[in-house]
1. Looking only at residues in the stretch 135-156 that are assigned to a strand (DSSP E or B) and among the β-branched types (Val, Ile, Thr), which one is surrounded by the most Cβ atoms within 10 Å (Cβ to Cβ)?
2. Go through the residues of the stretch 283-298 one by one and say whether even a single one is under 25 Å from Asp142 (Cα atoms) and not basic (Lys, Arg).
3. Go through the stretch 293-318 and give me each residue that's more than 11 Å from Phe263 (Cα to Cα) and among the small types (Gly, Ala, Ser).
4. Report the residue count in the stretch 99-129 for those that are in a loop (DSSP other than H, G, I, E, B), closer than 20 Å to Asn55 by Cβ and among the acidic types (Asp, Glu).
5. Out of Thr77, Thr146, Thr64, report the one residue that is closer than 30 Å to Leu238 by Cα, touching a His at 6+ places or on another chain (Cβ under 6 Å) and either in contact (Cβ under 8 Å) with a residue 24 or more places away in the chain or not assigned by TED's automatic domain parsing to the domain that holds Glu38 (or both).
6. May I ask you to list the residues in the stretch 8-58 that are farther than 29 Å from Met300 by Cβ, among the acidic types (Asp, Glu) and touching a Phe, Trp or Tyr at 6+ places or on another chain (Cβ under 9 Å)?
7. Take residues that are in contact with a helix residue (DSSP H, G or I) (Cβ under 9 Å, 6 or more places away or on another chain) and tell me which of the strands (runs of 3 or more DSSP E) falling wholly in the stretch 228-294 contain 1 or more.
Amino acid sequence: MTSSTPEAHAEPILEVLPRDLSAYREGNVGIPYVHRFESGKPGPHVLINAITHGNEICGMVAATHLLDTGVRPNIGTLTISFAHIEAYEAFDIEHPYNNRQLVHNLNRIWTSGMLDSDDGSPEVRRARVLRPVLDAADYVLDIHSTRAPVQPFWVYNESDRNTALASAVGVPVVHLVMSPDKFPGTPIIGYGRHGDPTAQKGGSVVVECGQHFARSASDLATDVTLRFLAHLGLIDALEGADAPPVPQRYRLLETHVIKSENFAFTRPVVGFETFDKDELIAMNGTEEIRSPCDDCTIFMPAREPIVGREAVYLTARI
């Protein structure tokens, strides 16, 4: 058995590296690294959120593009947030995957139980500070990237409003539709009313833009961000924008968490591989992970067996 492909364990191509963000520290809402711009006209409040994980560089590129080029909303309000700056600043070029998080996964702790607890981890402290930023937003674009160079995709909690939002923005064409009861923890897009399946307005989505340090991921993150803002009317429509493609949607069936340092996949994987019903996908210590259906497609297989982190998502095409 093998935990992933040789390519997955190969040294990443570091096309885009972190830059100094200290110039953005002050922000303008009393929260470090959060910037808000109001148009003075009615319209949605849109949050563009970057570096939820410290080594997901593409979000930083998209957010700094908005700030460096002076993008301002035609209507409504635009907020730009650099979420986990402490993890971002811990980047080590010799170990470029290690600063994803410091203690907790910042994208799994958005519950009142965690945020109102006595936990003092860097992630919980930052989430408490960012809470009013999420509370104020109508729409959230949370920008992420992947450890392997797989095709980009949307991730969102299953609801008509999120499906319509991602479909209208268009690229990327692949959608991973999540059911909160099959997902470990609560992500940023599941916090409060953003995760309310009965809500009729707004929308909260993640875009996974490609490999962490690839130039193409940063380019896509910037493009999706501008498309997102244009769709919601905050900026002018983009010239030459194509009609949105028909989405390819996958529904999450199971999420598996690594329980053993001996976790291993049965064959090399990077993501988007398919398995037949009951086919053995991985061994999680002594526990077998088998495909629950024919043409089961896996998303985000773990790069290395770190106990307590997610191992793989099992999905079916909708």
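The values are calculated or read from the model by the stated rules, or taken from the named source; none is laboratory data. Because the structure is a prediction, the values reported are computed rather than measured. As a convention, Cβ positions derive from the backbone with ideal geometry for all residues, glycine included, and neighbour counts pool all protein chains shown.
1. Here the residue is Ile143.
2. Yes, the conditions are met somewhere in the stretch 283-298.
3. Listed by number, the residues that qualify are Gly308, Ala316.
4. Result for the stretch 99-129: 0.
5. Thr77
6. Answer for the stretch 8-58, where residues must be farther than 29 Å from Met300 by Cβ, among the acidic types (Asp, Glu) and touching a Phe, Trp or Tyr at 6+ places or on another chain (Cβ under 9 Å): just Glu26.
7. 248-257
Here's the yes/no breakdown for (1) within 23 Å of Ala50 (Cβ to Cβ); (2) of a type outside the set (Lys, Arg); (3) out of contact with any strand residue (DSSP E or B) (no Cβ under 7 Å at 6 or more places or on another chain):
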site: Gly202; (1), (2), (3): yes, yes, no
site: Gln211; (1), (2), (3): yes, yes, no
site: His231; (1), (2), (3): yes, yes, yes
site: Val246; (1), (2), (3): no, yes, yes
site: Thr255; (1), (2), (3): no, yes, no
site: Phe263; (1), (2), (3): no, yes, no
site: Thr266; (1), (2), (3): no, yes, no
